[in-house]
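Accompanying notes for the structure given below.
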Amino acid sequence: SEWQIIRQVGSGLSNKEIAAKLNLSEGTVRNSLSNILSKLGLRDRTQLAIWAVQTGVLIRHFDEEDV
């Protein structure tokens, strides 16, 4: 889900590492990341990582729903 990708970006993983960990293609990760950034109004994965840390996404448990 998008939450899983957000958590992985927040943990510092690359698209390739995220794809391997979540059994996705790198293209799927890139597309999802682009959608996530657009939904949240963020510029890049660095901003997303900061957002994830600041909002506590890395430590909270979320249902596997999309953003």
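The values are calculated or read from the model by the stated rules, or taken from the named source; none is laboratory data. Small disclaimer: the values here were computed from a predicted structure and weren't measured. Note: ideal-geometry Cβ built from the backbone for every residue, glycine included; neighbour counts use all protein chains shown. Side chains included, ligands, DNA and RNA excluded: accessible areas come from the protein's heavy atoms. Shrake-Rupley method; radii C 1.70, N 1.55, O 1.52, S 1.80 Å.
The table that follows gives values for the structure above.
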read-out: Karplus-derived 3J(HN,Hα), 6.51/-1.76/1.60, for each residue of segment 35-47, Hz, glycine and proline x; value: 5, 4, 4, 5, 4, 8, x, 9, 7, 7, 5, 5, 4
read-out: Portion, in percent, of the accessible area of segment 11-50 that falls on carbon or sulfur, probe 1.4 Å; value: 47 percent
read-out: Highest-first arrangement of 39-49, 11-21, where packing means the average Cβ count within 10 Å; value: 11-21, 39-49
read-out: Space enclosed by the convex hull of the alpha-carbon atoms of the chain, per residue, Å³; value: 75 Å³
read-out: For L13, net neighbour charge (Lys/Arg +1, Asp/Glu -1) across residues whose Cβ lies under 11 Å away; value: +3
read-out: Average accessible surface area per residue within the chain, 1.4 Å rolling probe, Å²; value: 62 Å²
read-out: E2-S25 pseudo-label distance in nm [points 7 Å out on the Cα-to-Cβ vector]; value: 2.1 nm
read-out: Helix-only [θ]222 nm of the chain, DSSP H runs n ≥ 4, -39500 (n - 2.57) each, per residue, nearest 500; value: -19500 deg cm²/dmol
read-out: The chain - charge dipole about Cα centre, Lys and Arg +1 at Cβ, Asp and Glu -1, debye rounded to 20; value: 260 debye
